Each structure stands twice: as structure tokens, then as C-alpha cells.
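The next block holds one structure in the form of C-alpha cells; read it before the comments.
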């Protein structure tokens, strides 16, 4: 199983790779630090699943997800984010992703979410109804 991990923070990528290697050593993890590299790697390697952050310096993960869908990538996309709001599920679905996991819940939810998406399901974290969109980010509303 080939997983592409996309996050602009090296420490996050290293932590997630370590978690995945411990929980699913049979998975191969490749990585990208920005949306442009993610697009290139998807074209070059066609990973079985993409795990992607929303907030990146060049473009948002939601924009990259939409671009991947427009160009024919049909495998699951899982958004991996620190953002929690009631609009995130709709934004994620509109971008063509099958789910999201909050970074704060990665230890509990990330592998389960990946397994669910690889089995054809969806996985959407449960943001608190009381949690407003906390951070405006390059015009994104979530």
C-alpha cells in the first residue's frame, strides 16, 4: 500500500510516518512538503491514498484535492488538519476528499480513517458544534 503524506512541516511528517510505520509497517510512505510537489508525486506514482494538510504555503490542501480530482486521480484523499469547524465536512467533500482527521486526534483516528477510506468508506472527524472557525486562512472558510 502506497500512502502519500503531504504537510509543510517536517516534524509533522516525521511523526505521522513513525505512527504509520509502527501501526502498519507494510505501508510505504512517500511525502511532499507542498501542493506542487504533491501534484507531481501523484502523477508520477499514483499512490493508493493521499493524506494532506489544509494549510500549506503555496496552496491549500483543499485546492490540491480539487485539482487532483479534476485531473483524474480517483484514489481516496484524507484531509489531515488542525482546523475544526462545522463547515469543514462540506468543504472537504466539495474538494473531492473522502474524509478528514484532526491532528489532535491522529493517535486515535488516523490509521482507522486510512483503513476506512481504503475499504471504500468515508471518515469525517466530529468537530464540536460550539467550535467556530478560528483561523481565517487565505480566504478559506471552515
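Taken together, the values in this text are just the output of simple stated rules run on the coordinates, not laboratory data. Since we're looking at a predicted model, the values are computed, not measured.
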Candidates for percent of Cα pairs over 26 Å apart are [x] 14; [y] 44; [z] 23, and the calculated one carries label [x]
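Given the DSSP H assignment, sum -39500 (n - 2.57) over each helix run of at least 4 residues in the chain and divide by its residue total; what's the result at 222 nm in deg cm²/dmol, nearest 500? Walk me through the numbers before you get to the answer.
Numbers: 5 runs with 55 residues, N = 142.
About -11500 deg cm²/dmol.
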